[in-house]
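Notes to accompany the following structure.
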Amino acid sequence: MSMENNNGRLFLPAVALRGMCVLPGAIIHFDINRDKSIAALEQAMMRGGRLFLVTQREMDEDIPSFEELYHVGTVAVVKQITKLPNRVIRVLVEGTGRAAFLSLSDEKKGFLEAEVEPFGPEREWEESLSEEERNFRAQAMNRQLMEYFTAYATFYPKMGQNAVKRYADITDASSLMDQMAMNMPLEYPEKQRILEAVDLESRYEILSGILTNEIEVAKIKDELSKKIKGKVEKNQKEYLLREQLRFIKEELGEGGSFSDAEQFQESLESLNASEEVKEKIKKEIARFNSLSPSSSESAVERAYIETLLSLPWDNASEDSESMKKAAEILDADHYGLEKVKERILEFLAVRCLTKKGDSPILCLVGPPGTGKTSIAKSVAGALNKKYVRICLGGVRDEAEIRGHRKTYVGAMPGRLATGLKQAGVKNPLMLLDEIDKVSNDHKGDTFSALLEVLDSEQNVRFRDHYIEVPIDLSEVLFIATANTTQTIPRPLLDRMEVIEVSSYTENEKFHIAKEHLIKKQLEVNGLTPSMLSIRDSAVKNIITYYTKEAGVRNLERKIGDICRKAAREILEAREAGQPVSKLSVTASNLEQYLGKKKYRLDKANKKPEVGIVRGLAWTSVGGDTLQIEVNRMPGKGDIDLTGQMGDVMKESAMIAMSYVRSISKDYKISPEVFKENDFHIHIPEGAVPKDGPSAGITMATALFSAITGQEVRSDVAMTGEVTLRGRVLPIGGLKEKILAAKMAGIKEVLVPFENKQDMEEIQEEIKQGIEITYVKDMKEVLSHALNEGEKHGY
């Protein structure tokens, strides 16, 4: 039995329902498996079978509080209990009446116990209405609801006919409304609204509104269904007419032209493209169908339609979302190139998190042979993208990018549209190789045509002159390569994310040779590791004495030379019937395969000298050291500059001379020295052009040494621009310069103080064994460079 207090309120075990609402008069079953719900059911059976059913506001809550439950529920009687597997209990209940849910009186009993107050019949009508008025209103409501429900039932014949007969026998307005609401396919919040409407007139308004809305939705649904049915019938009619037309054309001997049009039509139906594209192709097919098969225009139209149908439009490949796999592929294919790998993995991470994200437009800039082109192919493999390479070297016609207008004879789409056609998807990786070698002429500016292609805001509707329909390039991952940014116009460069691919260190070249190049060349030349081995010492000597480059192309060629000579030795031994043993290439026998050494290390001088200073230079194939020599001789104060210096370097020499003259008083140098002597500044290797301001402090130090007669330390090298007041300004190419100093055996390198941040980005492997000294002005340079500097306080 249930507990009851003096106010007519009841304390009943409560079950919180998820996603359903039970109305009075409904006989319904539901499943429970929560511990508190099962405990509440057991309590209900012990108290006479009465249970309070209340709906949760949010379905996800496992243990709802009072605020998370609706405050009107249904008192129900348990009719049947069935135990199912996995501690699930199926309960059959009958709703007996509405009740206000006042509180959860005790939540510590292991079940929910609700304090409820049932709503009596007196709450259904206004007190001012007489019994007769109530009967008239109830009849009016019943009749109107039956009219609505009969209209509703016409759209749902399976459910409606039996329900109409059953509801016709119900005279009580309250029961009729509850029965209708319970059996209609409504969401639980709608049923809860009806449950909370205790007053019959409010309940009638809510239910009438729901029925009226459902009838309107059903009418629209019926209209849409009829339209679709009409379209299907129209398509069937068109199919029959086409079959008849094909038969007639075959009889007339005109089957070829029609069969082409039919194939185009079939391809169009299966094409994954927007309505704009399909409408354009449909018009072109209709035009093609009207042309004579023998006309030249028919051939042009056929080629155009075939091109449109072969483009990917909305076809896209699924990108790989595995960061680990992408990193493994990139590391396996290339050693180094950390910045490129990091940027690609960042793009992949953003794409995985957002499921979208604009594809980056990268430009890899660096010397030849550093792996810019090959890394793009590895990126395509890492991201599971199709790979398309477009070489822009020497391209000077804008139509190569945008295509030719199809009115011209031999017109064709541009390289980008052709690349998409080749890839078969709209989101490939497109490599724009050698973008810095694009040229212009009277036919148009190719760089300007690329501005739209490489602008992520505009390329969503790129218009090829031949295609004439906007193509979406926003999902294409563009990677451009260049050796320099000097020839790329500023607006185009601004649209790309430039990543510097710097020269490889000797250690990096060694690893690349061991992990990639030797394996590749052995396979190319038909050899195996059991036939030929190239020792580490030999590889290091090849790098140092037989190649001088920023990349590894020549290194690969030299390894190829060794493999070919080894292959010849092995074959000659076999033909002579001699036993073939494994060939081993070491540092000692390397000259047998590659000849005499081509390069020598420009090592640091053995002892300090006057007027000779070691400078550092950047070249397109890496860093280099150069000696700057200054001679002082009797004369009239003239300055001679030799060694093929450029204009900027000549100006640096004049600035250095002016600076030394300006500090002559501080170091007790007689003004007559500059009037009675000529000075000759020379940079060896006169056949090689040299330019740039970074030799400024080197020239100033050499001049000062020659004038004062102080020796310059032979184990010091320096780089930096000098001003007239002796300040040292920052320069570029530090990595390559430090690498060159290390190879030359330099112990200390003087670097501008403002380049300190750049030095921090250089790997420790390069800086190891070299002392880096940061200098702000020439006084600091002289104090470190001159042998007697400390003695004189410089």
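The Cα atoms of segment 732-785 give a gyration tensor whose axes a ≥ b ≥ c have a/c of 1.5 or more with a/b no greater than b/c, which makes the shape oblate.
Under 5 Å between amide hydrogens, built in the peptide plane, is the criterion, and for residue 79 it picks out 92, 93, 94 among residues at least 5 positions away or on other chains. Simple spin-label estimate for residue 328 and residue 553 gives 3.3 nm between the two label positions (7 Å along the Cα-to-Cβ direction from each Cα). Overall, the accessible surface of the chain at a probe of 1.4 angstrom is composed of carbon and sulfur to the extent of 49 percent. Note that segment 170-185 has calculated 3J(HN,Hα) couplings of 8, 9, 6, 4, 4, 5, 4, 4, 5, 5, 4, 5, 5, 8, 7, x Hz, one per residue in order, obtained from phi through the Karplus relation 6.51 cos²θ - 1.76 cosθ + 1.60 (θ = phi - 60°); glycine and proline are x. Computed extension gain for residue 222 through residue 409, at 0.36 nm per residue and net of the alpha carbon distance, reaches 62.0 nm.
Note that segment 390-401 has calculated 3J(HN,Hα) couplings of 10, 8, 9, x, x, 5, 10, 10, 4, 5, 5, 8 Hz, one per residue in order, obtained from phi through the Karplus relation 6.51 cos²θ - 1.76 cosθ + 1.60 (θ = phi - 60°); glycine and proline are x. Kindly express, to the nearest 10 degrees and within the range 0 to 90, the angle between helix 296-310's C-alpha long axis and the longest C-alpha principal axis of the chain. With rounding to tens, the tilt is 80 degrees. Structural descriptor for the chain: relative contact order 7 percent, calculated from alpha carbon pairs under 8 angstrom and at least 6 residues apart. Between 0 and 90 degrees, the angle of helix 647-662 with respect to the longest Cα principal axis of the chain falls at about 70 degrees. Out of the GluC sites (Glu not before Pro) in segment 376-457, which ones are loop residues according to DSSP with at most 15 other C-beta atoms within 10 Å? Sparse-neighbourhood loop GluC sites (Glu not before Pro): 457. Share of antiparallel DSSP beta bridges in the chain, in percent to the nearest 5? Percentage antiparallel, nearest 5: 60. Among 172-184, 517-529, sorting by the average number of other beta carbon atoms lying within 10 angstrom of each residue, highest first, gives 172-184, 517-529.
The phi torsions of segment 346-351, fed into the Karplus equation with coefficients 6.51, -1.76 and 1.60 and a -60° offset, translate into couplings of 5, 4, 5, 5, 5, 4 Hz, rounded to whole numbers, with Gly and Pro shown as x. Under 5 Å between amide hydrogens, built in the peptide plane, is the criterion, and for residue 471 it picks out 462, 463, 464 among residues at least 5 positions away or on other chains.
Take every pair of alpha-carbon atoms less than 8 Å apart whose residues are at least six positions apart; their mean separation over the length of segment 25-167 yields a relative contact order of 20 percent. Ranked by the mean number of other Cβ atoms within 10 Å per residue, highest first, peptides 559-566, 632-639 order as 559-566, 632-639.
Each peptide in 76-85, 574-583, 498-507 was scored by the mean count of other Cβ atoms within 10 Å over its residues; highest first, the order is 498-507, 76-85, 574-583. For the cross-link pairs 341/767; 278/372; 341/437; 606/767; 690/756; 421/519, the ones whose C-alpha atoms lie over 29 Å apart are 278/372; 421/519.
When the charge dipole of segment 197-340 is built from unit charges on Cβ atoms (+1 for Lys and Arg, -1 for Asp and Glu) and taken about the Cα centre, the candidate among 240, 198, 271 whose Cα reaches farthest toward its positive end is 240. Once backbone amide H atoms are built at 1.01 Å from N, residue 69 has 57 as its partners under 5 Å, excluding neighbours fewer than 5 places away on the same chain. Contact order for segment 549-654, expressed relative to its length and based on alpha carbon pairs under 8 Å spaced 6+ residues apart, stands at 21 percent. Let me make sure I get this right: for segment 62-103, a, b and c are the square roots of the gyration tensor eigenvalues over alpha carbons, sorted descending. Under 1.5 in a/c it's rounded, otherwise prolate if a/b > b/c, else oblate. Which is it? Because a/c hits 1.5 or more and a/b fails to exceed b/c, segment 62-103 counts as oblate. The loop-placed chymotrypsin sites (Phe, Trp or Tyr not before Pro) in segment 390-490, going by DSSP, that have at most 14 neighbouring Cβ atoms within 10 Å of their Cβ come out as 408. Helix 35-46 and the longest principal axis of the C-alpha atoms of the chain enclose an angle of approximately 10°.
The values are calculated or read from the model by the stated rules, or taken from the named source; none is laboratory data. Note that the structure is predicted; figures quoted are calculated from it, not measured. Heads up, the Cβs are rebuilt from the backbone with ideal geometry, glycines too, and the neighbour counts pull from every protein chain shown. Remember, those area values only see protein heavy atoms, side chains included, never the ligands or the DNA or RNA. Shrake-Rupley method; radii C 1.70, N 1.55, O 1.52, S 1.80 Å.
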